[in-house]
1. Work out how much length Asp33 to Thr208 would gain on full extension: take 0.36 nm times their residue separation and subtract the Cα-Cα distance, in nm to one decimal.
2. Working out 0.36 nm times the residue gap between Ala244 and Trp84, then minus their Cα-Cα distance, what length gain in nm do you get to one decimal?
3. At a Förster distance of 45 Å, what's the computed FRET efficiency of Asn178 paired with Ser52, Cβ-Cβ distance as r, to 0.05?
4. If packing is taken as the mean number of other Cβ atoms within 10 Å per residue, what is the order of 184-196, 228-240, 200-212, highest first?
5. If R0 is 25 Å, what FRET efficiency do you get for His232 and Arg165 from their C-beta distance, rounded to 0.05?
Amino acid sequence: MFVRSMFSCTCLSLILASSPLAGDDLDIDMVMDRKEQEASGIDRMTPPERQSFERWLNTWTRHVVQQAPTYHPSMSLSAWVGGWPGYLKPRPIPKAEAAKERKEANQTIFRNKGGATIELKDGSVWNITAIDQPIAQFWARGQRITIVKNQRDIVRQYQLLNEERHEQVGGIRARPANPEGQRAADSPAYFRGASVIDSITPDGITITLLSGDVWIVAPTGQQLVQATWTTHDRIRIERSTDAAYRYRLVNLDSGDAVLGNPPNKEINPSYYQQ
C-alpha cells in the first residue's frame, strides 16, 4: 500500500508539473485518503513525524516536477528515477557501512530505557518511534534483536525485531556501535549509592532489597517489573512528584523506572536522594 501511495504521489506530481499549483506546499491529506493512511501507518505518526514526512513529500514532488519532461510512458518508474541527475538521488550506502550494518543487525539488548531508547551490547543506541514505545518497553536484557534497514519509511529508518517476543518496532540509530564491537563499561560512579534487589514477587508488586526494606510497586509499573527486572539488579530510589506514589525506583541495570511506596511511612533516608 505504501508503494502504491508513493506511485500515486508520483502521478500527482506529473499532473502538477504543468499546473500553477506546482509551487504550493502539499500535505498528506491532499494525496492519501484515510484508508491509505491507516494501511501505511501514517495516521499513527506523531505531529513531528508527520511534518517530516510532508517535508520529504514536498521535496520529492518538486524533483518530479523538475524531471517530468524526461518521462515517457514506455519507461518503468525505477528506470526513469534511476536516470535522474546524481544530486537528486539518495546517497548510496558505502559497502563498508553496509557491512557494518549487517554486523550489528543481530545483537542482544543490554539496557532498555522504558521503550524509548534501547542500548545493545555492541554499544549502539536506538531511539524507538513514539508510537512503538509501549511495545518496546517490555523488551528485556539478553533478548536477541534483528535490525533491518527500512528503505521505504523515512521516519522509521530501521525495523527492530525481537526474536523472542516476535514483536517489531521502528526507530532510528542514535549512536553507532563501539568500534571494538562491545559497549564500554559503565563508570563506577553510575552505581554509587545503589541498593540491590534481593527478591521480587512473581506478580511484580513487591520488591525486597538486601537491606530488608520492602517496596510496593505502583500498578502502572508491575508488568514492567515482571518483564524486565531481576534479583541482584541495582536500583536508585528518588523522590517523585506523583501524589499517590511518592518514590521513583530507577533500575540502573535495566535502564527503566517505576513508581513505588514503602508499605509503611518509615524508610531509611539514606536510600533515596533528597
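Here, each number is a calculation from the coordinates, and none is a lab measurement. Values in this document were obtained by computation on a predicted structure and should not be read as measured data. For neighbour counting, all protein chains shown are included, and Cβ atoms are generated from backbone atoms with ideal geometry for every residue, glycine included.
1. Details: separation 175, 0.36 × 175 = 63.00 nm, distance 5.34 nm.
So the chain would gain 57.7 nm between Asp33 and Thr208.
2. Values: separation 160, 0.36 × 160 = 57.60 nm, distance 6.09 nm.
Extra length available between Ala244 and Trp84 comes to 51.5 nm.
3. Working: r = 29 Å, r/R0 = 0.64.
In this case the efficiency is close to 0.95.
4. Details: 184-196: 11.4, 228-240: 17.7, 200-212: 14.8.
The densest-packed peptide leads the list: 228-240, 200-212, 184-196.
5. 0.60
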